[in-house]
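Reviewing the structure listed below.
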Amino acid sequence: MGALIGPNVPALSVCAWALGDTAACLPPLRALGFESVDLEPVALDDPQLVPTLERERLSPCCIAADHGLPLGCSLTGDEQARVMALAHLATVLRRWSAIGGRFAYVTPHAGVATTKELGDTLAQLAEWGSSVGVSVCVEHAPGQAVVTASGGLELVRAVGHPSLFLLIDIGHCIISGEDPGHAIARTGSLLGYVHLDDNDGVSDLHWKPLDGRLTEAMLKRVADALGDVRAGIALELSPRLPNPTAALREARELMLTLLTQAAKQ
C-alpha cells in the first residue's frame, strides 16, 4: 500500500502538525528531506495549501480526518451524532481525495455506541473512502473506544470491509504494554498506517523515537516487520518539543537507516 524510497524500503511521511497546521510549515518539512506530509482537516481551508504542495513537490499522504470534528459529531455517540460525524467526514474524504490524498484515519473516542454500531459506522466511512480512492484506517489509543492494537485488529477483522485498515501508533503500544513490532507483524495485510513516536509509558507525549521507553531493539523489530507489509508510515512528533525541527531531522535519519538495514536482510 505504501510508496517505496528504494528496493523494499517504505517511504517515510511526517505529520505536519509538528511544525504547524498551515501551508507555511511545508517548506521547512521539504527542506528536511520529506517528500510527503500528513495533514489535519483545518489545513484544507488554507488557500495556499495546494500551491505550496505543488511548489515544494510534496505529496499529501494521510489526513487525521476526525481532528476538529464539529460540536455534536461523534463516531461513538448516539445515532444523530454518528450521522452528523459521517456527513462531516465524507466531505473531508472528498476534499482530501481531490488534492491527491491516499490515506485517512480516525481515532474513535470512548462513547455510548456499541461495538456493532461503531463497526457499522466505520464500514460506512470505509465505503465512502473507497468511492474516492482513500484508504480509511482506525487508530487505537489508550482511554478511547479502541484501546489496544490487538483490539483494533479484532475490530477491523470483524467489520471486514476491504477498505478499512488498522493504524498502529508506536507510542500508544508503549502505553498499552504491547510490543509494536509484534503488533505490526500480527496485523499483516490489514495494516494501513503506522505512527512513529515515543513517550514515558504513561502519557502520549510524541517524543522522538528512542527518547522514551522505546528501545533500539523494539524499533528494529518495527523496521523489520514493516519490510513485510506495504503500509504508510509517518513520524508523529509533538510541536511542544524543545526543538521540533531538529527532532524531526534526527528521527528521519534514524528511521531511514533502520528501514534500509531491514530491507538488506
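The values are calculated or read from the model by the stated rules, or taken from the named source; none is laboratory data. Given the structure is predicted, the values throughout are model-derived calculations rather than measurements. With ideal geometry, Cβ positions are generated from the backbone for all residues, glycine too; neighbour counts draw on all protein chains shown.
For region 214-237, enumerate the residues that are touching a strand residue (DSSP E or B) at 6+ places or on another chain (Cβ under 7 Å) and farther than 16 Å from residue 32 by Cβ. Answer for region 214-237, where residues must be touching a strand residue (DSSP E or B) at 6+ places or on another chain (Cβ under 7 Å) and farther than 16 Å from residue 32 by Cβ: 214, 226, 229, 231, 232.
Specify which of the listed residues (14, 42) is in a strand (DSSP E or B) and either over 19 Å from residue 100 (Cα atoms) or at pLDDT 95 or above (or both).
Values: 42 fails: in a strand (DSSP E or B).
Residue meeting the stated conditions: 14.
Residues satisfying the criterion are absent from region 94-103 (criterion: modelled with pLDDT of 95 or more, surrounded by 18 or more Cβ atoms within 10 Å (Cβ to Cβ) and aliphatic (A, V, I, L, M)). Among the residues making up region 221-247, those that are out of contact with any Gly (no Cβ under 6 Å at 6 or more places or on another chain), assigned to a helix (DSSP H, G or I), farther than 11 Å from residue 209 by Cβ and in contact (Cβ under 8 Å) with a residue 24 or more places away in the chain are 224, 226, 244, 245. When region 154-168 is filtered for residues that are touching a helix residue (DSSP H, G or I) at 6+ places or on another chain (Cβ under 7 Å) and part of a strand (DSSP E or B), the ones remaining, listed by number, are 164, 165, 166, 168. Considering only residues in region 126-137 that are touching a helix residue (DSSP H, G or I) at 6+ places or on another chain (Cβ under 6 Å) and of a type in the set (A, V, I, L, M, F, W, C), the one that is surrounded by the most Cβ atoms within 10 Å (Cβ to Cβ) turns out to be 136. All of (1) crowded, with 21+ Cβ neighbours inside 10 Å; (2) out of contact with any His (no Cβ under 8 Å at 6 or more places or on another chain); (3) hydrophobic (A, V, I, L, M, F, W, C); (4) closer than 24 Å to residue 60 by Cα hold for residue 167 with one exception: (2).
Of all residues in region 179-204, those that are crowded, with 19+ Cβ neighbours inside 10 Å and not polar (S, T, N, Q) total 12.
Quick test for you: out of 166, 190, pick the one residue that is touching a Cys at 6+ places or on another chain (Cβ under 8 Å) and free of Cβ contacts under 8 Å to residues at least 40 places away in the same chain. Result: 166 is the single residue among 166, 190 that is touching a Cys at 6+ places or on another chain (Cβ under 8 Å) and free of Cβ contacts under 8 Å to residues at least 40 places away in the same chain. Screening the candidates 91, 76, 121 for the property of being part of a helix (DSSP H, G or I), surrounded by 19 or more Cβ atoms within 10 Å (Cβ to Cβ) and of a type in the set (Ser, Thr, Tyr) yields one hit, 121. Just wondering, is there one or more residues in region 213-221 that are within 30 Å of residue 128 (Cα to Cα), at pLDDT 95 or above, among the aliphatic types (A, V, I, L, M) and buried (at least 17 other Cβ atoms within 10 Å of the Cβ)? No, the conditions are met nowhere in region 213-221.
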